[in-house]
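The values are calculated or read from the model by the stated rules, or taken from the named source; none is laboratory data. Predicted, not measured: the structure shown is a model, and the values here were computed from it. Counting neighbours? That spans all protein chains shown, and the Cβs are built from the backbone with ideal geometry, glycine included. All accessible areas refer to the heavy atoms of the entire protein, side chains included, with ligands and DNA or RNA removed. Shrake-Rupley method; radii C 1.70, N 1.55, O 1.52, S 1.80 Å.
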Amino acid sequence: MNYTLHQLLVFTTIAKTESITKAAEELNLTQPAVSIQLKNLQDQFELPLTEIIGRKLYVTEFGKEIAAAANNILNEVHAIDYKTQEYKGLLSGKLKIAAVSTGIYVIPYFLEGFLQHHPGIALSLDVTNKAKVLESLENNDIDFAMVSVLPENMAIENIPLLKNKLYLINNTQQIFSPKKHSLSLLEKIPLIFREQGSGTRLTMESFFAEKNITVHQKMELTSNEAVKQAVLAGLGSSIMPLIGIKNELMNKSLQIIPLQNFPIITNWQLIWRKGKKHSAIGRALLKHIQEEKENIIKKYFDWYEQY
């Protein structure tokens, strides 16, 4: 056997994405370069690592075992790198965070200064819906999670970061009165929803139930960006976090429809399992956020307070 660490990295990425194209994008390589590395690795095994069925790539059972072993090897290599950094007196290692999709507009700003100060830290940030974030937290696959609605059936600890304000929005092709409309407006207009499992969806439905409002669901989409584009195209209105529509409000392509009892307010929270034994990196991040939170909010979210 004469495989290289680069070949193992390429193959584990292919196994994770089940796609040459996606692996190339993630590794910042060309597709031919990824294919060549896969072929060079495959040439060292008699059994196939992958197979193509109906133009789709699948990892064989043998390939999955090789990918798992390769991941272990790469993790040990990373551990050697981290130990080297530690002996130089630098904080190093891997930090794993999962954030709900709209959290991508928030969490990078709370990490920026920390990561700049500790360049030896490798960040893994998974941006997905609330259900998958909590699953990762439950399985202890991550160090921290960022959510806007706290889990009900999990013992957690948390640091509040920033208010999450949700407004009813529409494109600017239709004129709405600047006065605050009755909540009955929600029953008259087509609404675009996020998918089940989304924190925004849960907050919306909880509000509707509390106010005894029956709404007309026009469509369901799986990301905030998709919802935003549908609203911009005039397919309906939606209730969206303010944090994700700053540019559209500034360029006047979206508008907030004033409603009584709005905005709906939750809080962005950094959470972790209660009793979790944090690494030195985890403890340092918590210290950084506790000390710098107000400065971060003032620097990056000053615009937020005008709404």
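All conditions in (1) over 30 Å from Ile289 (Cα atoms); (2) of a type outside the set (Val, Ile, Thr); (3) open to solvent by 20 Å² or more (accessible area, probe 1.4 Å) hold for Glu157, with the sole exception of (1). Identify the residue in the range 90-123 that is among the aliphatic types (A, V, I, L, M) and more than 12 Å from the chain's Cα centre (by Cα) and, among all such residues, is most open to solvent (accessible area, probe 1.4 Å). It comes out as Leu90. For the range 277-298, the set of residues classified as free of Cβ contacts under 8 Å to residues at least 60 places away in the same chain and either of a type in the set (Lys, Arg) or open to solvent by less than 50 Å² (accessible area, probe 1.4 Å) (or both) consists of Lys277, Arg283, Lys287, Lys298, listed by residue number. Consider the range 126-142 and keep the residues that are out of contact with any Lys or Arg (no Cβ under 9 Å at 6 or more places or on another chain) and not in a helix (DSSP H, G or I). The one that is least open to solvent (accessible area, probe 1.4 Å) is Thr128. Go through the range 234-261 residue by residue and tally those that are open to solvent by 70 Å² or more (accessible area, probe 1.4 Å), among the aliphatic types (A, V, I, L, M) and touching a residue at least 24 places away in the same chain (Cβ under 8 Å). Summing the residues that are open to solvent by 70 Å² or more (accessible area, probe 1.4 Å), among the aliphatic types (A, V, I, L, M) and touching a residue at least 24 places away in the same chain (Cβ under 8 Å) in the range 234-261 gives 1. Put simply, of Gln116, Gln173 the only residue that is among the polar types (S, T, N, Q) and free of Cβ contacts under 8 Å to residues at least 12 places away in the same chain is Gln116.
Residues in the range 25-62 that are open to solvent by less than 60 Å² (accessible area, probe 1.4 Å), under 30 Å from the mean Cα position of the chain (by Cα) and free of Cβ contacts under 8 Å to residues at least 12 places away in the same chain: 1 in all.
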